[in-house]
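Inspection log for the structure reproduced underneath, given as structure tokens.
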Amino acid sequence: MAEVEFDPAAVTDEVSEGIGEIREASDLEELKALKSRYSGAGSAMARASRAIGSLSADRKKTAGQLIGKLRADFGRAYGLKEGQLQQEEEDRRLRAERVDMTLPVDRKPQGARHPLTRLMEDVEDFFVSMGWRIAQGPELEAEWYNFDALNFGPDHPARQMQDTFYVKGNQARDAAGFVGSNMVMRTHTSPDQARSLITRGVPLYVACTGRVFRTDELDATHTPVFHQCEAIAVDEHLTMADLKGVLDKLAAAMFGPEARTRLRPSYFPFTEPSAEMDLWFPDRKGGPGWIEWGGCGMVNPNVLRSAGVDPDKYSGFAFGVGMERTLLLRHDINDMHDLVEGDVRFSQQFEMGE
Ligand code: DAH
């Protein structure tokens, strides 16, 4: 069998060239390409291996030893470089993924107080500045306080004026000693009129802000849970002029010096006479105009009597305004959803500039 050409110097040269390039390789991909070039099927080393079989016995031995040594040299150089490149790659990755444990982290993003909360505080400040007291009644209220004490008769059609959540299986028992009424989620803050009269007596100057409940669906202008501010003053010689004075001052405090109020005759069981109260709103979109803002009137003598106050000696006025409505008007907000959805970004807008 003829010898296939076998040139030890050429193989040695190619392998040492390969080892040289391996030492210079800059990444694992390049390294792999060098491996297949210098030891793959077409390489001098592979060709020489194939040629060995055809060599004469004495050449076979030296050729075999040479190829074995070249393979080992090449393999060692490859292994060394591979380890080194893998290490470098690992180091690079670790550096890229490094976490700086000393950086400050924002684990508790800052919230913002709801504009309604702030509005109610403004309203309370207004009353405190006039020397009034602030009171807070319960949200789960005796039907008696919510209706009866306010002169809503048992079959009074006015009971249907407000769509009430009645609460099952509860009987009222409270500090004023009243026992035996059904319970409701209060439909307005007016029960605080009766509560304040009973628990504080006269003369009385009290404002109450708080949550009220009605069976309304949530839409752009309604929400089943909303807020009101109630004011009641009972003293000797109070008249509707006092009521009007306080309303105008409150309007100015909420909406600026140009704001004022007007009264239109109306009906509420707990005031007589009663009025709807409109607000003169200079900055309204579409031009200035009157906008309905709340209800008011002179405290009905029957309410005074229910609370044990002598209507011949004392008189008083009361009013109630919706807080959401006030906020919508004051800030030109068009959708109730914005007020109730609790998106902190909404509230943050009102934190600015303070
Ligand atoms: N409670 C009434 C309502 O929720 C508002 C109201 C009207 C309050 C007249 C008053 C008042 O104090 O005098 O619709």
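The values are calculated or read from the model by the stated rules, or taken from the named source; none is laboratory data. Worth saying up front: this structure is predicted, and the values here are computed from it rather than measured. Cβ atoms come from the backbone with ideal geometry, glycine included; neighbour counts cover every protein chain shown.
Looking at SER43, SER54, SER36, just one residue is surrounded by 12 or more Cβ atoms within 10 Å (Cβ to Cβ) and over 15 Å from ALA10 (Cα atoms), and that residue is SER54. Screening the stretch 270-292 for residues that are in contact with a helix residue (DSSP H, G or I) (Cβ under 7 Å, 6 or more places away or on another chain) and aromatic (Phe, Trp, Tyr) and picking the one that is nearest to the ligand (Cβ to nearest atom) gives PHE270. Scanning the stretch 294-306 turns up no residue that is exposed (fewer than 14 other Cβ atoms within 10 Å of the Cβ) and assigned to a loop (DSSP other than H, G, I, E, B). Among residues of the stretch 60-97 being farther than 18 Å from ILE19 by Cβ and crowded, with 16+ Cβ neighbours inside 10 Å, the one that is farthest from the chain's Cα centre (by Cα) is LYS60.
In the stretch 259-293, the residue that is farthest from ASP235 (Cα to Cα) out of those that are of a type in the set (S, T, N, Q) and surrounded by 22 or more Cβ atoms within 10 Å (Cβ to Cβ) is THR261.
All of PRO311, PRO265 fail the test of being more than 13 Å from the ligand (Cβ to nearest atom), of a type outside the set (Val, Ile, Thr) and not in a helix (DSSP H, G or I), apart from PRO311.
Which of the residues belonging to the stretch 96-131 are assigned to a helix (DSSP H, G or I) and in contact (Cβ under 8 Å) with a residue 24 or more places away in the chain?
PRO115, LEU116, ARG118, LEU119, MET120, ASP122, VAL123, GLU124, PHE126, PHE127
Out of the stretch 196-221, which residues are outside any strand (DSSP E or B), away from the ligand (no atom under 13 Å from the Cβ) and of a type outside the set (S, T, N, Q)? Hits for the stretch 196-221 are ILE198, ARG200, GLY201, VAL202, PRO203, GLU217, LEU218, ASP219, ALA220. Looking only at residues of the stretch 1-30 that are under 12 Å from PHE74 (Cβ atoms) and under 60 Å from the mean Cα position of the chain (by Cα), we find that the one that is surrounded by the most Cβ atoms within 10 Å (Cβ to Cβ) is ILE22. Of the residues making up the stretch 321-344, those that are more than 17 Å from HIS222 (Cβ to Cβ) and either within 11 Å of the ligand (Cβ to nearest atom) or modelled with pLDDT of 95 or more (or both) number 0. The number of residues in the stretch 222-239 that are surrounded by fewer than 16 Cβ atoms within 10 Å (Cβ to Cβ) and either within 14 Å of the ligand (Cβ to nearest atom) or of a type outside the set (D, E, K, R) (or both) comes to 5.
Before we move on, is GLY256 crowded, with 22+ Cβ neighbours inside 10 Å and at positive phi? Considered against the rule, which asks whether it is crowded, with 22+ Cβ neighbours inside 10 Å and at positive phi, GLY256 comes out as no.
Rundown of residues vs (1) at pLDDT 95 or above; (2) surrounded by fewer than 13 Cβ atoms within 10 Å (Cβ to Cβ); (3) under 32 Å from the mean Cα position of the chain (by Cα), yes/no style:
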residue	(1), (2), (3)
PHE126	yes, no, yes
PHE152	no, no, no
ALA158	no, no, no
ALA176	no, no, no
GLY180	no, yes, no
ASP192	yes, no, yes
VAL206	yes, no, no
